[in-house]
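A.B. asks: Got a structure for you, written out below as structure tokens; questions coming shortly.
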Amino acid sequence: MLIQIPNVLTQEEVAQARKELDATSWVDGKVTAGFQSAQVKQNMQLPESNPVGIELGRKIVYALHRNPLFFAAALPAKIFPPLFNRYDGGHSFGNHVDNAVRRVTATGEQIRTDLSMTLFLSSPEEYDGGELIIDDTYGSHSVKLPAGHMVLYPSTSLHRVTPVTRGSRVSSFFWLQSMIRSDAQRSLLLNLDLAIQKVGTDLPNHASLVDLTGVYHNLLREWVEV
Ligand code: NI
């Protein structure tokens, strides 16, 4: 399931992040690419050890922990510290599937990548091209979101970023390991959760809310990995 999470960061937070990112030094994006993706990856990236990136990454993870839609959709177990990339001057990233397991250099922790995330830090008017194209069983989806918004998609997906032909596309990208490994099970839980919330709003005293909430938690208990 492909899900958009709006307003992860406020416009003020995005502006501050951009000021700090524009003032720091970037390296070739091939540093985190696997063998296949290195052949098709052309962009710039902040090293994992860059203090500006580490601090901004902390702010992003903190913001996500306050976001109920993110929590319901991702059911996160471990979040990889956010990384940052920049595409300009024709940069692109050809078709690839993200590596299955990521190791956090600072801690040695291994994270299975169930979900991939891109948090847009440039507004769509700032650049041409730079669409994130994600393939799934229903076809290709083109994603280009307002600054501060994020897309979440299964890491099993083939995806690419089209060439940026004007301006700069700056974003944060990272992965997470979910408590629910299966995308199908996670999608069912999200749909059930959203339906329960809607009933709770429209019919707050309905007796079945207790039963439905029980079914949600018992399904989660059946499938969860902690
Ligand atoms: Ni990727």
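A.B. asks: For the subset of region 110-138 comprising residues that are under 23 Å from ARG86 (Cβ atoms) and of a type in the set (Phe, Trp, Tyr), which member is surrounded by the fewest Cβ atoms within 10 Å (Cβ to Cβ)?
C.D. replies: So in region 110-138, the residues under 23 Å from ARG86 (Cβ atoms) come out as 113, 115-134.
With of a type in the set (Phe, Trp, Tyr) added as a condition, the list becomes 120, 127.
Values: PHE120: 24, TYR127: 18.
Here the answer is TYR127.
A.B. asks: Given the condition of a type in the set (Gly, Ala, Ser), closer than 15 Å to GLY29 by Cα, surrounded by fewer than 18 Cβ atoms within 10 Å (Cβ to Cβ) and in contact with a strand residue (DSSP E or B) (Cβ under 9 Å, 6 or more places away or on another chain), answer yes or no: does some residue in region 93-104 qualify? Spell out how you get there, then give the answer.
C.D. replies: Taking region 93-104 as the starting set, the residues that turn out to be of a type in the set (Gly, Ala, Ser) are 94, 100.
Restricting the remaining residues to those that are closer than 15 Å to GLY29 by Cα gives 94.
Keeping just the survivors that are surrounded by fewer than 18 Cβ atoms within 10 Å (Cβ to Cβ) gives 94.
Now restrict to residues that are in contact with a strand residue (DSSP E or B) (Cβ under 9 Å, 6 or more places away or on another chain): 94.
Yes; the residues of region 93-104 include at least one that is of a type in the set (Gly, Ala, Ser), closer than 15 Å to GLY29 by Cα, surrounded by fewer than 18 Cβ atoms within 10 Å (Cβ to Cβ) and in contact with a strand residue (DSSP E or B) (Cβ under 9 Å, 6 or more places away or on another chain).
A.B. asks: Go through the residues of region 82-91 one by one and say whether even a single one is closer than 28 Å to LEU194 by Cα, within 16 Å of the ligand (Cβ to nearest atom) and touching a residue at least 12 places away in the same chain (Cβ under 8 Å). Step through it out loud before you land on a result.
C.D. replies: Just the residues of region 82-91 that are closer than 28 Å to LEU194 by Cα, to begin with: 82.
Imposing the further condition that a residue be within 16 Å of the ligand (Cβ to nearest atom) reduces the set to 82.
Keeping just the survivors that are touching a residue at least 12 places away in the same chain (Cβ under 8 Å) gives 82.
Looking through region 82-91, at least one residue is closer than 28 Å to LEU194 by Cα, within 16 Å of the ligand (Cβ to nearest atom) and touching a residue at least 12 places away in the same chain (Cβ under 8 Å).
A.B. asks: Okay, next question. Of these, LEU219, LEU190, which one is free of Cβ contacts under 8 Å to residues at least 60 places away in the same chain and surrounded by 13 or more Cβ atoms within 10 Å (Cβ to Cβ)? Break it down stepwise before answering.
C.D. replies: Details: LEU190 fails: free of Cβ contacts under 8 Å to residues at least 60 places away in the same chain.
On inspection, the qualifying residue turns out to be LEU219.
A.B. asks: Residues that are within 21 Å of PRO82 (Cβ to Cβ), at least 3 per element: which strands (runs of 3 or more DSSP E) completely within region 139-226 meet that? Write out each step before concluding.
C.D. replies: Working: elements: 139-143, 150-154, 159-161, 164-166, 168-178.
Output list reads 150-154, 159-161, 168-178.
A.B. asks: Might you check whether a residue that is within 15 Å of the ligand (Cβ to nearest atom), closer than 18 Å to ASN43 by Cα and touching a residue at least 24 places away in the same chain (Cβ under 8 Å) occurs anywhere in region 100-115?
C.D. replies: no
A.B. asks: Further question: Within 15 Å of the ligand (Cβ to nearest atom) and surrounded by 21 or more Cβ atoms within 10 Å (Cβ to Cβ): does that describe GLY29?
C.D. replies: Numbers: within 15 Å of the ligand (Cβ to nearest atom): yes; surrounded by 21 or more Cβ atoms within 10 Å (Cβ to Cβ): yes.
Taking the combined requirement at face value, the residue satisfies it.
A.B. asks: A follow-up question, please. How many of the residues making up region 116-130 are over 12 Å from VAL170 (Cα atoms), touching a strand residue (DSSP E or B) at 6+ places or on another chain (Cβ under 7 Å) and more than 11 Å from the ligand (Cβ to nearest atom)?
C.D. replies: Of the residues in region 116-130, the ones over 12 Å from VAL170 (Cα atoms) are 116-117, 125, 128-129.
From what's left, touching a strand residue (DSSP E or B) at 6+ places or on another chain (Cβ under 7 Å): 116-117, 128-129.
Restricting the remaining residues to those that are more than 11 Å from the ligand (Cβ to nearest atom) gives 128-129.
Number of matching residues: 2.
Computed from the coordinates by the stated procedures, all read-outs in this text should not be read as laboratory data. Not measured: the values here are computed from a predicted model. Positions of Cβ are generated from backbone atoms using ideal geometry, with glycine treated the same way; all protein chains shown enter the neighbour counts.
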